[in-house]
1. Take peptides 50-59, 365-374, 587-596 and line them up by average Cβ neighbours within 10 Å, highest first, as a rough protection proxy.
2. For the stretch 564-664, would you read off the P(r) tail past 15 Å as a percentage of all alpha carbon pairs?
3. Taking only the alpha carbons of the chain, what extent do you get along each of the three principal axes, in Å, biggest first?
4. Report P(r) for the stretch 223-350: all Cα-Cα distances, bin width 5 Å, range 0 to the bin holding the largest distance, values in whole percent.
5. Could you name the lysines whose alpha carbon sits less than 25 Å from that of LYS3, not counting residues in the same chain fewer than 8 places away?
6. Please report, to one decimal in angstroms, the Kirkwood hydrodynamic radius of the stretch 137-185 built from all distinct Cα-Cα pairs.
7. Stretch LYS3-TYR142 to full length: gain in nm at 0.36 nm per residue minus the Cα-Cα span?
8. Considering only the chain, what is the antiparallel percent among its DSSP beta bridges, to the nearest 5?
Amino acid sequence: MTKIIVDGAEVDVPPEYTLLQACEAAGAEIPRFCFHERLSIAGNCRMCLVELVGSPKPVASCAWAVRDCRPGPKGEPPEVKTRTPMVRKAREGVMEFLLINHPLDCPICDQGGECDLQDQAMAYGVDSSRFKENKRAVEDKYLGALVKTSMNRCIQCTRCVRFATEVAGVPELGAIGRGEDMEITTYLEQAMVSELQGNVVDLCPVGALTSKPYAFAARPWELTNTESIDVTDAVGCAIRVDTRGREVMRVLPRINEDVNEEWISDKTRHQIDGLRVQRLDEPYVRQGGRLRPATWSEAFHAIAAKLRATRRERIGAIAGDLAAVEEMFALKDLLVRLGSTNFDCRQDGTALDPRWGRSSYLFNATIPGIDEADGLMIIGSNPRKEAPVLNARIRKRWRTGALKIGVIGERADLTYDYAYLGAGPETLARFAEHPPARLSRQIWLVGQGALARPDGAAVLSAVARAAVSTGALTDGWNGFSVLHTAAARVGGLDIGFVPGDSGLTAAAMASGGVDVLFLLGADEIEVESRAFVIYIGTHGDRGAQRADVILPGAAYTEKSGIYVNTEGRVQMGDRAAFPPGNAREDWAILRALSEAIGAKLPYDSLAQLRAALFKAFPHLARIGAIMPGNPDDVRKVAMRGGAMEKAPFRSPIDDFYLTNPIARASAVMAECSALAERAAATAAE
């Protein structure tokens, strides 16, 4: 630690701190536009000028390290002043220069109310301008479907350029020209293709980059903010849902250092227009081959009549990828009361089973653990499509030069360099039988592209065997890590939403193993049998089209629910809006249905349901915490063995933007999908 005096107060800070960080550690407020904690230092804006005692002029605090400060003449600690007349005059001068060309767009700018330039001009600017010349004009750029540009407002802070290059790993933005002619551009006037591009809107300190789908929709003071959790993948990013009345207006990231830092994917941010269209807002019953609107009592009566005529072993349930833990718990409880053990949360057929131990299906290294890893083997996964924020975390570690990465599976652009080792099980078998040199902290990341196959159990065992033989399991470190693609999967496995000893899997139920089938938002599986299908969900997607009775449920923004992410972290999302029409929360639907069919569930409120859930599974009450698995479970899985097929591993996600019913209903996601397909075709040519 190094001592430094800030405005008369002595503080101890690490020597690698910048003066800006040291000043903030001492409680001083330092304005900035170009500096950002997660990006490289540019030193463009000069707004962070401070007085360093002994320096003939103000210094840019973002670009001056504490270790570079000279001690005083008698060896006293370096002294920094942030509130002197020199500093005030310097900041006023910088602000005056920034506003020379910035247009007076505040009344019609989407950034109004959340604009750093607006706020800092009020705090550090002067009340008049001395410049009478014409302001410069810059042509707006086309960046795609998500980012709207107004480049007259740009102050060349280059945050967007640094984010695209350093964090997203797709260097599609850059600066051309010098001085007054400098412009931020994509060079070839093409759409951005990164799955994280929406984050540049949050980073822009002025109104040069704003959200195109949200343009002119609302002002920040009109919105109600609700903290929640993203369910578009299994990472569980912390988000803030902003609503006006009953409508979700936008989704923004929340800071969670252990999960998403402060980034979210474009699907998380922009699929919300799908919440407004193709919604199921009343029950439906199929008559004469056509679905017709019905009352709740009519729908329950039709279900009760069918259940009475069905043997208990011919009743089943499949939970979808967006289901919360509470509703899966209630559905399992209902099936057990009906005498059935045919329930499954693995609609993709992944070879994971809670009976093999919790460590066999978690990302045991944890997401923060990526920052400590020195070796990463990716097997049957494309993290860029399956978990873009986690992929950015991998890139962050890779950029330090301390992470060696290998890939077995598809040869894809993951935004970082890796050693391509092979396409399928034969390569994996060689690693399991002849392990390479050991690294101290390895991660063996296996995706659903390797597990959701007929030989998935054998692949899982081979990965576990390779992880054990290469030393990925040591004291205090478990590198065996499963990357899930469904937000509901780990929670479903935790509560045992898998077939009992004589129960049927999701594939067996969908192919004719049952006569009555509950689909709890399960839209990614084709029901090929003549079963009587009861669909509880939000959109007129695949499950609703196959249903005989539709019970309209609540989307993730319309209910309070617990989700467990891929690393086993328990998280809770709060309700931000209400379901449309006669739609209800899923657990409430199941509670009302249970009474109508004579198998009443013993909870009348969400609090009572959670009390029963926490009693059965106490670790789910520890919101924000991870209950680690036992590494011995991985060693047991490694000994299971099995024969693997020769087919190469392939990621289960072909189109990142259309992976769930909400996204498939979204016009914005459809446009992004078309742009991505066009970009891929152009690259192939």
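1. Those peptides, ordered most packed to least, come out 587-596, 365-374, 50-59.
2. 80 percent
3. 89, 59, 54
4. 2, 9, 12, 14, 16, 15, 12, 10, 7, 3, 0
5. Hits, sequence-local ones excluded: LYS57, LYS74, LYS81.
6. 11.4 Å
7. In short, 45.2 nm is gained.
8. Rounded to the nearest five, the antiparallel share is 55 percent.
The values are calculated or read from the model by the stated rules, or taken from the named source; none is laboratory data. Because the structure is predicted, anything quoted here is derived from the model rather than measured. All Cβ positions, glycine included, derive from the backbone under ideal geometry; neighbour counts span all protein chains shown. All accessible areas refer to the heavy atoms of the entire protein, side chains included, with ligands and DNA or RNA removed. Shrake-Rupley method; radii C 1.70, N 1.55, O 1.52, S 1.80 Å.
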